[in-house]
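Written below as structure tokens is the structure these notes are about.
The values are calculated or read from the model by the stated rules, or taken from the named source; none is laboratory data. Just so you know, these numbers come straight off a predicted model, no measurement behind them. Glycine also receives a Cβ, built like all others from the backbone with ideal geometry; neighbour counts cover every protein chain displayed.
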Amino acid sequence: MAVDKRLVELCDLVIAQGGSDLHIFAGGPPMIRVAGSLLSLEKFPPFTAIETEVILKSIVIPDRWGIFERDQTIDISYAHDEKNRFRVNGYRVQGATALAMRLIPHVINSLTDLNLPPVLEVFTQREQGFFLVVGPVGQGKSTTLATMINRINDTRAEHILTIEDPVEYLFEPKKSLIQQREVHIDAPDFHTALQSAFREDVDVIMIGEMRDYETISSAVTAAETGHLVFSTLHTNNAAQTIDRIIDMFPAEQQSQVRVQLAGSLAGIFSQRLVPRISGGLIPAYELLINNNAVSTLIRDARTHEISTVIQTSSQEGMIDMDRSLAELVKKGEVTVEHAYDYAMDPKTFERYL
């Protein structure tokens, strides 16, 4: 089936408007997100439930349509044209089909282009370890990971494997061999793909998302056994991320996991996209680097003290979210009001101003 013409027109509009997301649903006109704000496209008439189903069905391969009918949700990628792709989630709302589509830029920008700290490049030069990019949905985690993976591709001859659901950024092999496996198409799940990576002579592994105990367990093991592993979690900061990982394991295994994580963790980068005074969004961030003090706190179950270590270790390259926000205010990039909305501790933020 050919792609629905209405979808093609809407995707063209997202690209032309510099948007990031497209929402198609029954009972209302489509909406796009531009610079963090949702805009209703009133010139389009509301879609019916039949129309939204036809639109989704036009981009789902027939073999997977049954999955959507069974699960009432599906994640796929849609190649709009030679340069632009979308990550698509199809789902049901009161029995009607809806689509949430995220534009995936065809150009993978540099750390400088994305206003990310140069220290992140240090983690792309490691031979092994576990590095996580965390934050709520829609805060640029996938883009940051893609930039770091592409930096390895630019500078090192490695075998890089990505495991994604669905595949988002497409990498062009440069110095590295890059293979991208899509869950449900190339492997039944993240865990199975990760287990097979141990037999594929892989140096660097990027896991699109760690959703379950089995995947996290395999990722930690991979980092311990000579691989450089990158992944994401939907957590707010470094301390919460470590707790979330450990809490995924049965109680009798948690002490051992703390030891493993204390030894294999390279760092945790948490980011938020904050409205910029000049328009668009700019990242504020926290960076935890695993040093002896952090490693001891992880082993001793004292993760509540990690935020203090980050605040007092800027000379080692660590970055505190509240300090990052304050610096953006001082540079005239964001307003104080917007910075307060993202502050971890408003009183700490005020001290940095």
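Just a few scattered comments:
- Subset of the stretch 164-188 [among the small types (Gly, Ala, Ser) and in a loop (DSSP other than H, G, I, E, B)]: Ser176
This table checks each residue for (1) in contact (Cβ under 8 Å) with a residue 12 or more places away in the chain; (2) surrounded by 21 or more Cβ atoms within 10 Å (Cβ to Cβ); (3) at positive phi.
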| residue | (1), (2), (3) |
| --- | --- |
| Arg151 | yes, no, no |
| Ile160 | yes, yes, no |
| Glu164 | yes, yes, no |
| Leu170 | yes, no, no |
| Lys174 | yes, no, no |
| Leu177 | yes, no, no |
| Gln180 | yes, no, no |
| Asp186 | no, no, no |
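- Screening Glu252 against (1) buried (at least 17 other Cβ atoms within 10 Å of the Cβ); (2) free of Cβ contacts under 8 Å to residues at least 24 places away in the same chain leaves a single unmet condition, (1).
- Single residue of Ile74, Ile67, Ile55 found to be within 23 Å of Phe190 (Cα to Cα), touching a helix residue (DSSP H, G or I) at 6+ places or on another chain (Cβ under 7 Å) and either outside any helix (DSSP H, G or I) or touching a residue at least 12 places away in the same chain (Cβ under 8 Å) (or both): Ile74
- Unique match (being assigned by TED's automatic domain parsing to the domain that holds Phe249, closer than 23 Å to Gly317 by Cα and either touching a helix residue (DSSP H, G or I) at 6+ places or on another chain (Cβ under 7 Å) or of a type in the set (Asp, Glu) (or both)) among Ala219, Ala223, Ala187: Ala223
- Filtered residue count, the stretch 289-302, keeping only those that are assigned to a helix (DSSP H, G or I) and farther than 16 Å from Asp243 by Cα: 2
- Subset of the stretch 303-352 (residues that are free of Cβ contacts under 8 Å to residues at least 40 places away in the same chain, part of a loop (DSSP other than H, G, I, E, B) and loosely packed, with under 13 Cβ neighbours inside 10 Å): Thr312, Lys331
- Condition check for Thr144: of a type outside the set (Gly, Ala, Ser) and within 19 Å of Arg85 (Cα to Cα): yes
- Within the span defined as the stretch 233-247, one or more residues are out of contact with any Pro (no Cβ under 9 Å at 6 or more places or on another chain), within 27 Å of Glu182 (Cα to Cα), assigned to a strand (DSSP E or B) and in contact (Cβ under 8 Å) with a residue 24 or more places away in the chain.
- Checking each residue in the stretch 118-137 for being β-branched (Val, Ile, Thr) and outside any strand (DSSP E or B) picks out Val119, Val122, Thr124, Val137.
- Any hit, the stretch 103-115, residues being in contact (Cβ under 8 Å) with a residue 12 or more places away in the chain, surrounded by fewer than 21 Cβ atoms within 10 Å (Cβ to Cβ), farther than 30 Å from Gly317 by Cα and among the aliphatic types (A, V, I, L, M): yes
- Search result, residues across the stretch 104-134 that are closer than 20 Å to Leu233 by Cα and at pLDDT below 95: Ile104
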